[in-house]
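Structure first, commentary second.
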Amino acid sequence: MKSIFTGCFFLLFILPAFALHNGSIRGSVFDVSSKSPLPGASVLLSGAVNARTYTDELGFYQFSGLPAGVYTITINYLGFKSVTEQAEVRDSETSTIKSFLTPAPIELKNVEISADPDISRQTIPALDINLRPVNTSQDVLRMVPGLFIAQHAGGGKAEQIFLRGFDIDHGTDIALDVDGIPVNMVSHAHGQGYADLHFLIPETVERVQFAKGPYYAPRGNLATAGYVGFQTKNALDKNLLKVSAGQFNSFRTVGAFKLLDKPEAARPQNAYIATEYFYSDGYFDSPQAYNRFSTFLKYNAAIGNNTYLNASLGAFTSRWDASGQIPDRAVQSGQIGRFGAIDDTEGGSTSRGNLNFRLATALPDGALLKNQLYFSRYNFELYSNFTFFLNDPVNGDQIRQKEQRNLLGYNGAYTRADKWNGTEWQTEVGVNFRYDAIKDNELSHTKGRQELLERRALGDVNEYNLGIYLDEKIKLGSRFILNPGLRFDQFQFLYVDKLQASYDRKIVASSLVSPKLNLYYTWNERLQLFANSGYGFHSNDTRVVTAQNGRETLPRALGFEAGATVKVLPRLLFTFGAWRLHLDQEFVYVGDEAVVEPSGKTTRQGLDFAARWQLAPWLFADADLNYTLARADDTPEGENYIPLAAAWTSIGGLSFNCKNGINGSLRYRYLGDRPANEDNSVVAQGYFLTDIVLNYTRSRFEIGVAIQNLFNRAWNEAQFDTESRLFDELEPVSEIHFTPGTPFSLMGHASIFF
C-alpha cells in the first residue's frame with residue numbers, strides 16, 4: 001500500500017519536468033455584482049492553439065505552453081451572459097485576465113456536453129435550482145433525481161431516504177455535506193449515518209452537486225448509493241425578508257441581510273447573516289407543535305491576490321411532538337382517524353452548531369491548494385413507540401434515544417494540471433480526517449416522555465476516520481478522459497459500555513483500499529459516453545464493530561455504470577444509464593432495540609433516464625424516470641425481496657419564468673408500490689402527487705403561493721411491516737404501520753428585497 005501511494009505522489013511531482021512551456025494565460029472569472037468567483041465556467045481558447053478548460057473553485061483558469069500571438073477567449077456560465085476577451089501572449093511570460101459576468105436568463109442551448117466529468121455532474125443541479133422554487137430543506141434534497149424522502153416523526157426527525165433500491169433509513173448509504181461539513185452522524189443513537197438536514201436554510205443555497213454510485217475517490221464513507229454536496233452563497237445580491245403562512249397553523253419567516261459588502265475593494269469582502277423560524281401544528285389530530293430556528297453567518301474575503309477565506313458559523317435548534325406510525329387495523333376499525341395516534345407522546349428535540357473555516361489558494365503554477373477545518377456540537381433526544389404494548393402491556397413500549405456529540409474534522413486537497421507527452425493530466429491529492437466523540441449514547445424504555453423505566457444501552461463512542469486519496473484525470477486527445485482513482489481509509493472504533501459494573505472499553509481498528517476507474521468519451525458537442533466503476537463502503541456502527549470483535553467493520557460496495565448524455569436538439573438534453581451495485585454482508589445495529597442483526601449480501605441493478613427541454617424562452621420541462629431491481633443474494637427466489645426497495649420512481653414537471661414577473665412550477669412525484677417484507681406478501685402502497693408554486697416577482701418584492709398535494713390524494717408517506725399489539729389486544733399483529741402524507745396544503749408567502 002505504501003509503495004502504491006509513494007509511486008503516485010512521485011509521479012505527481014515529476015510530471016512538470018516533462019511539460020513544455022512557452023507563454024501562458026492566467027485568468028479569473030467573477031460575478032459582476034458580488035465579485036464572487038464562478039467555479040465551473042467554460043473557457044474556450046481560440047488562436048494558434050485551440051483548447052477548452054473550466055474555472056476552478058476560486059474562478060481561476062490557465063492555458064500553458066502557448067506560442068506567442070493574440071488569442072480570443074470566450075467564457076460561458078449557465079445563467080450569465082457570455083463574455084469574449086482578447087489576450088496577447090509573449091514567450092516565457094504570463095498574461096493575466098480578469099473577467100466579470102452579468103446575470104442573464106437561463107438558456108438550455110448554452111449547456112455544454114462537457115469533456116470534464118466534474119462539470120457534467122454539476123450541470124443539471126445548477127439548472128434545476130434556478131428553476132424550481134425552494135421552500136424547505138426537504139425540497140432541496142428532493143432535487144436529486146430518483147431520491148425520495150419520508151417523514152414519520154412529527155417533522156423534526158431526519159427524513160427516511162430512498163435511492164437506487166436502498167431504504168437508506170436516515171443516511172446509511174448516501175453521504176451528505178454542506179460546505180464540506182458532513183451531515184451524516186456515524187454511530188448515532190437512532191441509527192448509523194443519521195443525516196438531519198434541517199439546519200440548512202434553503203435561501204442560502206447557491207448550488208447542489210450530486211452523483212450516484214461509489215465511483216469518486218474524494219468521497220469516502222457512506223457514499224455507496226451516491227452523495228449530495230450543498231454549497232451556500234458566498235455573498236447576497238440583495239437583502240431579503242420573507243414571511244410565509246398557511247394551513248395547519250403553519251408559519252415561516254426568513255431574513256438574509258448583508259453585514260459587509262465591499263465588492264469593489266482591491267481585496268473584496270462580503271459577510272451576511274440569515275435566520276429562519278418555522279412553526280407548524282401539522283395536519284394531525286394531535287398538534288405536533290413543531291418549532292425550528294436556524295441562524296447562519298458567513299464571511300468571505302480575498303486575503304491576498306490569489307487566496308480566499310470562507311468562514312461560517314451556524315446554529316440550529318428544534319422541538320416537536322409526534323403521532324408516529326399508526327397500524328392500519330386501528331384506522332380500518334374506526335378506533336382512530338387517519339390522522340390520529342396510538343401514542344401521541346412521541347417527539348423530541350435536537351440542536352446543532354457548526355463552525356467552518358475554508359482557505360483556498362491559487363498557486364503561481366496554476367495549482368490549487370484547499371484547506372478546511374470544521375467543528376460541530378450536536379445534541380439529540382427522540383421518543384418513539386413503534387410497537388405500542390407488544391413488550392410491556394402495562395406501561396407501553398415507548399423508547400428514548402439520546403446523545404451528545406462533538407465532531408471535529410479536516411479536509412485538504414492539492415490540485416494541479418500538467419501536460420506530458422501529448423496528454424493533459426489533472427491530479428488531485430487529498431486528505432480527510434474526522435473524529436466523532438459521543439457522550440451518553442443511550443437507549444431507554446420510558447413512559448410518557450417523563451418516566452425512565454429501564455436503561456437498555458448506554459455508552460460513550462469515539463470514532464476516527466483518516467482518508468487519503470488520489471484522483472487522476474488523464475485527457476487523451478480532445479475526446480477521451482481516463483479517470484483512475486485510489487482511496488485509502490483507516491478507522492478506529494472505541495466503545496465504553498456504561499451499563500457494565502466495571503469499566504468495559506473495546507477498541508477495534510480497520511482499514512481498506514478503494515480503487516476507482518471512470519471513462520468518458522465525448523463523441524462530439526452533442527454526445528458523451530461514460531463508463532464508471534469503483535469500490536466504495538460504509539462503516540458499520542461502532543457498537544456493531546466492537547460487538548463483532550471487528551469481523552464486520554467496513555462492508556464493501558462494488559458498482560458499475562454505463563450510459564450517455566446527448567443533446568438531441570439545442571434545447572433538449574437527455575441522460576440515461578444502466579447500473580449495478582453489489583453490497584457485502586453487514587451486521588446492523590438496530591438502535592430501536594439495542595441488538596445486532598445480519599442483513600446479508602445484496603445486489604441492485606437498474607436504469608436511469610433524465611430529460612431537460614426548454615419549450616420556450618420562459619418555459620422548461622423536465623422528467624426523471626428510474627427503475628431498480630433489488631434482491632438479497634443467497635436467498636431462495638420469492639423470499640429475496642428487499643423491504644421498501646421501490647422498483648419505479650419518477651419526478652418531473654414544468655417550470656416557467658415570464659418577463660412580466662410571473663414564475664413558478666407544476667410538478668409531480670411518483671413512487672411505485674414496493675415490498676414491505678422479504679416475500680412481498682405485504683405491500684407498501686405507492687403514490688402519485690402533484691404540487692404547484694406560483695409567484696409574482698419584481699425587483700423589490702415577491703408574492704406567491706405554494707400548494708402541496710394539489711388534488712388532495714390520500715397517501716402514506718412512511719410505511720413499515722411492523723409487529724405490534726394494542727392495549728386491548730391479546731395477541732400481536734404484523735401488518736402495515738404508516739404515517740399519513742400531507743393532505744391538500746396551501747401556504748402563501750411575501751418577500752421584500754432591498
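Bear in mind that the values in this text are calculations on the coordinates, not laboratory data. None of the values given here were measured: they were computed from a predicted structure. All Cβ positions, even for glycine, are placed from backbone atoms using ideal geometry, and neighbour counts span all protein chains on display.
Some observations on this one:
- Cβ-based net charge around Arg252, under 15 Å, with every Lys or Arg adding one and every Asp or Glu removing one: -3
- For the peptides 96-105, 713-722, the ranking by packing is 713-722, 96-105, with the highest mean count of neighbouring Cβ atoms within 10 Å listed first.
- Entry for Rg and Dmax of the Cα atoms in Å (calculated from the structure that is shown) out of (i) 26.2, 90; (ii) 27.1, 84; (iii) 30.7, 94: (i)
- Packing, taken as the mean count of other beta carbons within 10 Å per residue, orders the peptides 198-205, 500-507 from highest to lowest as 198-205, 500-507.
- The peptide list 459-471, 298-310, put in order of mean Cβ contacts within 10 Å with the highest first, becomes 459-471, 298-310.
- Cα→Cβ-extended label distance, 7 Å offset, between Gln548 and Val568, nm: 4.6 nm
- Annotation: extensible slack from Arg329 through Tyr670 equals 120.2 nm (criterion: 0.36 nm per residue apart, minus Cα-Cα distance).
- Relative contact order of the chain: 10 percent, from C-alpha pairs under 8 Å at least 6 residues apart in sequence.
- Degrees, to the nearest 10: 117-131 long Cα axis against longest axis of the chain: 70 degrees
- Relative contact order [Cα under 8 Å, 6+ residues apart], region 170-286, whole percent: 21 percent
- Extension gain, Leu408 to Leu629: 0.36 nm times the residue separation minus the Cα-Cα distance gives 75.7 nm.
- Region 174-284: C-alpha gyration tensor shape, a/c 1.5 cut-off, then a/b vs b/c: oblate
- Relative to the longest principal axis of the Cα atoms of the chain, helix 2-14 runs at roughly 30 degrees.
- Too-long pairs where the Cα-Cα distance tops 23 Å, listed order kept, from Lys370/Lys567; Lys157/Lys298; Lys370/Lys473; Lys81/Lys567; Lys81/Lys238; Lys212/Lys473: Lys370/Lys567; Lys157/Lys298
- Label-point separation, Asp584 to Ser95 (7 Å along Cα→Cβ), nm: 5.4 nm
- For region 461-475, the residues whose amide N sits under 18 Å from a probe point set 7 Å from the Cα of Leu529 along the beta carbon direction are 475.
- Shape call, region 483-626: gyration tensor on alpha carbons, a/c limit 1.5: prolate
- Hz values of 3J(HN,Hα) by residue in region 81-90 - Karplus curve (6.51, -1.76, 1.60), Gly and Pro given as x: 6, 5, 10, 10, 10, 10, 9, 9, 10, 10
- In sequence order, calculated HN-Hα J values of region 227-237 (Karplus, 6.51, -1.76, 1.60; Hz; x Gly/Pro): 9, 9, x, 9, 10, 8, 5, 7, 8, 9, 6
- Where labels lie 7 Å past Cα in the beta-carbon direction, separation of Phe688 and Phe339 in nm: 2.5 nm
- Sites listed here are chymotrypsin sites (Phe, Trp or Tyr not before Pro) in region 665-712 whose DSSP assignment is loop and whose Cβ has at most 10 other Cβ atoms within 10 Å: Phe711.
- In summary, the aspartates and glutamates within cross-link reach of Lys242, defined as a Cα separation below 16 angstrom excluding same-chain residues under 8 places away, comprise Glu203, Glu276, Glu702.
- Gain in span if fully extended, Val431 to Leu499, counting 0.36 nm per residue against the direct Cα distance: 20.8 nm
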